[in-house]
């Protein structure tokens with residue numbers, strides 16, 4: 001039975017929700033605002049919020065100094081490639097764990113997750129040396145594989161949770177109708193899990209887009225994505241906060257827009273299976 | 001037949017184009033994000049016009065990220081970079097390890113003898129020059145002439161620490177948010193420890209004695225740190241334990257600091273009317289001393305070096321020679337004016353009458369000349385480096401010591417406790433490293 005909500009209560013809830021949302025969004029908003037200030041306004045005390053002479057100068061400087069499109073393209077390839085590769089590997093893995101569980105399935109899932117608990121820097125040198133040996137340092141291929149491996153436990157876990165919600169009887173029925181394993185996964189399971197797969201892919205894409213440790217350490221000039229683009233504007237000797245903010249805004253804009261348009265899908269996927 | 005000939009000619013043309021493409025050498029340059037380096041990137045057309053067979057690729061990173069990336073690459077022979085931007089801390093260590101290519105064979109017109117002796121010494125190991133200085137810096141006192149006049153004081157060209165304290169007290173007006181002195185407090189070997197190590201030199205303090213025994217239990221270190229705490233707690237800005245170069249630059253530009261002792265490179269920022277509200281009121285003086293024979297200033301040079309694993313050594317040398325040449329200096333002066341020329345590397349620059357008119361030129365040169373990296377302290381020490389000790393372990397140890405000193409400035413512990421911990425952890429780390 002639905003709870004009775006008075007208009008006052010509803011208004012209070014709305015205000016609280018907006019306040020929480022704004023609080024979380026504030027650092028991004030501040031970055032965007034700073035990108036339109038001059039360097040002097042960016043550091044002025046007390047800080048100026050909205051009433052300043054808006055300027056596009058920082059964007060012009062950043063455009064002139066850096067090849068933004070090259071960084072953007074690298075980010076798209078690396079985040080997209082690692083996501084697609086990760087999902088291709090994770091779907092069969094999650095299928096087997098959800099529908100053909102063994103005594104060790106839970107342990108395997110926990111073990112996969114435990115790899116996320118290792119600090120990334122702990123395996124930096126081994127991976128760096130492997131990349132040198134294979135001649136793939138500063139290549140998009142190396143980052144696609146590394147980021148896929150980093151995010152694979154999360155993808156498997158998310159897909160496993162979604163698959164568990166799908167009644168096994170439907171798959172059994174498909175099998176009885178003569179569907180092969182491939183047909184069962186491709187034509188029966190996957191279409192039913194589309195919301196889950198889509199939100200998993202979106203989340204993984206965002207994680208890969210924002211990943212800064214590996215993308216900074218394994219790239220130089222050729223494969224550097226937008227994280228390296230931002231890092232190139234950070235300076236401990238010199239106040240370049242407005243330019244840094246412009247670079248950051250340009251780096252987060254694509255993913256912000258993607259998140260905005262896909263938020264319904266994302267929320268639906270993330271809450272999928274929450275109500276039993 | 002005609003078809004065959006055409007095919008062969010076509011194939012030959014493709015091969016010729018491919019060969020021409022192969023002849024193109026790519027030089028990947030790892031660099032930091034600062035005004036001088038960015039300016040150089042904007043002027044590289046001059047180099048590529050002279051060397052059409054060389055393509056330049058830039059990797060610009062934040063200083064600490066760059067240091068970590070470059071160290072990782074050079075130690076594992078990753079070969080990702082052909083030119084590295086490194087400082088006077090790395091050059092002696094890496095040169096000794098055989099990680100850098102000697103630059104003794106740069107062309108005669110590059111004129112190695114024109115490099116300022118203090119800078120050249122810091123980049124030379126066993127007679128081999130391992131890096132070409134792009135710009136050099138020391139530290140000095142930047143002060144507000146108007147506040148000094150209001151306080152009825154006159155800044156000498158070479159002040160003492162006692163005078164600095166007297167001036168800081170006279171200029172402080174906390175109600176008006178004007179603080180007598182702004183100094184680095186943020187923890188880090190290149191942050192508060194760069195300042196405190198250099199300051200310690202002028203108080204007779206040193207990191208190690210000749211047997212590599214840590215010296216934080218000495219009276220000289222207690223004097224240094226007590227004086228620093230006294231200055232900062234009474235006349236410094238609030239929250240100084242988190243202030244680094246940029247935070248102090250911001251405070252000074254907004255007129256909140258009476259004095260600021262920091263890198264000479266800051267002079268061009270604080271005198272730039274576009275960003276600084278006090279641009280026309282800034283005076284310069286040498287870093288203070290205590291009459292013991294050493295001043296509290298440091299020496300640093302961002303320099304270009306070539307890693308031993310580079311496969312484009314010859315092209316990289318051409319680039320390094322161009323970027324650090326007298327001709328490059330003239331090119332910057334022509335395009336951007338003399339105030340924007342990379343300072344602190346060549347004697348000829350300071351003999352140039354046009355450069356002499358830049359307000360901070362003389363003080364920068366005097367500051368650099370008064371620092372001696374091979375003989376940094378009052379007592380003899382087994383190490384080189386003014387604001388650092390040129391051993392690989394230093395960065396890690398000094399950052400931890402810096403955290404202790406920063407905690408003392410934040411009021412979380414006393415000076416005695418901070419020094420005790422510094423002594424214990426330095427001794428432990430040095431013993432573990434086999435000293």
From the list B:337, B:344, which one is in contact with a strand residue (DSSP E or B) (Cβ under 8 Å, 6 or more places away or on another chain) and either assigned by TED's automatic domain parsing to the domain that holds residue B:82 or under 18 Å from residue B:271 (Cα atoms) (or both)? B:344
Scan region A:91-126 for residues that are within 11 Å of chain B (Cβ to nearest Cβ) and touching a residue at least 12 places away in the same chain (Cβ under 8 Å) and jot them down. A:121, A:124
So the check is Cβ under 6 Å with 6+ separation or different chains; which pairs have a first residue in region B:402-423 that's free of Cβ contacts under 8 Å to residues at least 12 places away in the same chain and a second one that's in a helix (DSSP H, G or I) and surrounded by 14 or more Cβ atoms within 10 Å (Cβ to Cβ)? B:413/B:407
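Going by the structure shown, is residue B:375 out of contact with any helix residue (DSSP H, G or I) (no Cβ under 9 Å at 6 or more places or on another chain) and either surrounded by 16 or more Cβ atoms within 10 Å (Cβ to Cβ) or at pLDDT below 95 (or both)?
On the way: out of contact with any helix residue (DSSP H, G or I) (no Cβ under 9 Å at 6 or more places or on another chain): yes; either surrounded by 16 or more Cβ atoms within 10 Å (Cβ to Cβ) or at pLDDT below 95 (or both): yes.
Yes; evaluated as a whole, the condition is true for this residue.
Would you be able to tell me the number of residues in region B:351-372 that are more than 30 Å from residue B:203 (Cβ to Cβ) and in contact with a helix residue (DSSP H, G or I) (Cβ under 9 Å, 6 or more places away or on another chain)? Break it down stepwise before answering.
Step one: filter region B:351-372 for residues more than 30 Å from residue B:203 (Cβ to Cβ), giving B:351-358.
With in contact with a helix residue (DSSP H, G or I) (Cβ under 9 Å, 6 or more places away or on another chain) added as a condition, the list becomes B:352, B:354-358.
Selection size over region B:351-372: 6.
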List the number of the failed condition for residue B:111; all other conditions in (1) surrounded by 15 or more Cβ atoms within 10 Å (Cβ to Cβ); (2) under 19 Å from residue B:301 (Cβ atoms); (3) out of contact with any strand residue (DSSP E or B) (no Cβ under 7 Å at 6 or more places or on another chain) hold. (1)
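Could you go through region B:84-105 and let me know if any residue there is part of a strand (DSSP E or B), touching a helix residue (DSSP H, G or I) at 6+ places or on another chain (Cβ under 8 Å), more than 14 Å from chain A (Cβ to nearest Cβ) and farther than 30 Å from residue A:218 by Cβ.
no
Among what's in region A:42-53 and is surrounded by 13 or more Cβ atoms within 10 Å (Cβ to Cβ) and more than 10 Å from chain B (Cβ to nearest Cβ), pick the residue that is nearest to residue B:247 (Cα to Cα).
Start the filter on region A:42-53 by keeping residues that are surrounded by 13 or more Cβ atoms within 10 Å (Cβ to Cβ), which leaves A:42-44, A:47-48, A:52.
Checking the rest, the ones that are also more than 10 Å from chain B (Cβ to nearest Cβ) come to A:47-48, A:52.
Values: A:47: 14, A:48: 17, A:52: 22 Å.
The residue in question is A:47.
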Filtered residue count, region B:373-384, keeping only those that are more than 11 Å from residue B:201 (Cα to Cα) and out of contact with any strand residue (DSSP E or B) (no Cβ under 8 Å at 6 or more places or on another chain): 3
Of the conditions (1) in contact with a helix residue (DSSP H, G or I) (Cβ under 9 Å, 6 or more places away or on another chain); (2) crowded, with 24+ Cβ neighbours inside 10 Å; (3) closer than 25 Å to residue B:403 by Cα, residue B:229 satisfies every one except a single condition; which number is it? (2)
Provide a single number: the residues in region B:330-370 that are over 29 Å from residue B:281 (Cβ atoms), free of Cβ contacts under 8 Å to residues at least 40 places away in the same chain and buried (at least 20 other Cβ atoms within 10 Å of the Cβ). 0
Could you check how many residues of region B:240-252 are at pLDDT 90 or above and farther than 16 Å from residue B:172 by Cα? 8
For residues in region B:195-216 being in contact with a strand residue (DSSP E or B) (Cβ under 8 Å, 6 or more places away or on another chain) and in a loop (DSSP other than H, G, I, E, B), which is nearest to residue B:240 (Cα to Cα)? B:207
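Rundown of residues vs (1) assigned to a helix (DSSP H, G or I); (2) out of contact with any helix residue (DSSP H, G or I) (no Cβ under 7 Å at 6 or more places or on another chain); (3) farther than 29 Å from residue A:238 by Cα, yes/no style:
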position	(1), (2), (3)
A:13	yes, yes, yes
A:37	no, no, no
A:44	no, yes, no
A:48	no, no, no
A:53	no, yes, no
Residue hits (region B:45-73; more than 12 Å from chain A (Cβ to nearest Cβ) and outside any strand (DSSP E or B)) are B:45, B:46, B:47, B:48, B:49, B:50, B:51, B:52, B:53
Assess whether residue B:180 counts as being more than 14 Å from chain A (Cβ to nearest Cβ), within 19 Å of residue B:143 (Cβ to Cβ) and not in a helix (DSSP H, G or I). yes
Residues that are within 14 Å of another protein chain (Cβ to nearest Cβ), more than 22 Å from the chain's Cα centre (by Cα) and in contact (Cβ under 8 Å) with a residue 40 or more places away in the chain, drawn from region B:253-284: B:255, B:256, B:257, B:278
Please go through region B:263-306 and give me each residue that is part of a strand (DSSP E or B), modelled with pLDDT of 95 or more and under 30 Å from residue B:28 (Cα atoms), ordered by number. B:303, B:304, B:305
Is it true that some residue in region A:130-141 is away from chain B (no Cβ under 14 Å), surrounded by 14 or more Cβ atoms within 10 Å (Cβ to Cβ) and out of contact with any strand residue (DSSP E or B) (no Cβ under 9 Å at 6 or more places or on another chain)? yes
State yes or no: is residue B:66 touching a residue at least 60 places away in the same chain (Cβ under 8 Å), closer than 29 Å to residue B:46 by Cα, surrounded by 15 or more Cβ atoms within 10 Å (Cβ to Cβ) and in contact with a strand residue (DSSP E or B) (Cβ under 6 Å, 6 or more places away or on another chain)? no
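The values are calculated or read from the model by the stated rules, or taken from the named source; none is laboratory data. The model shown is predicted, which means the values in this text are computed figures rather than measured ones. Backbone-built Cβ (ideal geometry, glycine too); neighbour counts: all protein chains shown.
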